[in-house]
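Below are the structure tokens for one structure; questions will follow.
The numbers here are math on the coordinates, done by the rules we state, and not lab data. Remember, predicted model here, so these are calculated numbers, not experimental data. Cβ placement follows ideal geometry from the backbone for every residue including glycine, while neighbour counts extend to all protein chains displayed.
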Amino acid sequence: MRPRRLILLSAPILMLAACGSEPAEERAEPPATDAASGPIGEAPAVSLVGPEGNIIGSVQGGDSDQGAVMRIEARGLPPGVHGMHLHAVGLCEGPKFESAGPHWNPTEAQHGLEHPQGPHFGDLPNITVGEDGTFTGTVTIQGSYLKESRMKAGPVEQILDADGAALVIHALPDDGTSQPSGASGDRIACAALAPAG
């Protein structure tokens, strides 16, 4: 199993009250960029939804020389540390989001960023939600791409296959080793990423 590095950059996000009920894809915001990860905004933002289907944020992605890049913005989450993973199916049916399937694991590795036979591609770093219930961050998934590979060497894995993928936030932290999901608890937020077209 080749080593992979995951980069997660996060900072507090200030949400205006007027944005609270506005769908993420309707907000007029410039594409996000990050010097370490490359451009984000090659695909439209998709809604991050809670268990009742309410929009609580957005996920926007692109491909860089380092791998797929995703920017996550969320509000209304429980404060504290939460597991976050890529799941294999781009379908977010609440309230439990079981429709998103298992973690995205094309190389059949073990789960966990700290597991000796891991991690698999769906393993992402934990996120920390602020006391105000908001989170914003950018994650780079090295060795993978959304729709157009820019990797210069080595085998790569495409995230957006025929049934898409989903980014899922869990109720508890991922412990980094337990199978199959790091004891990260219920799925409390989900963003369906469209299949490659």
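Could you list which residues have their amide H under 5 Å from that of ILE188, counting only those 5 or more apart in sequence or on another chain, with H placed in the peptide plane?
Amide H neighbours of ILE188, under 5 Å, 5+ apart: ILE169, HIS170, ALA171.
In addition: Exposure proxy check: THR138, THR107 ranked by fewest other beta carbons within 10 Å?
THR107, THR138
Now a separate question. How much length is gained if the chain between VAL81 and GLN179 is pulled fully straight, taking 0.36 nm per residue apart and subtracting their Cα-Cα distance, in nm to one decimal? Provide the component values of the computation, followed by the final result.
Numbers: separation 98, 0.36 × 98 = 35.28 nm, distance 1.88 nm.
Contour length minus the Cα-Cα distance gives 33.4 nm.
Take the Cβ-Cβ distance between GLN110 and GLU131 as r, set R0 to 45 Å, and report the resulting FRET efficiency rounded to the nearest 0.05.
In this case the efficiency is close to 0.85.
Figure the gain on full extension for GLU98 and GLU52 (residue separation times 0.36 nm, minus the Cα-Cα span) and round it to one decimal in nm.
Residue separation times 0.36 nm, minus the Cα-Cα distance, leaves 15.2 nm.
Counting only other residues whose beta carbon sits under 14 Å from that of PHE135, what net charge do I get with K and R as +1, D and E as -1?
Every neighbour counted, the sum reads -1.
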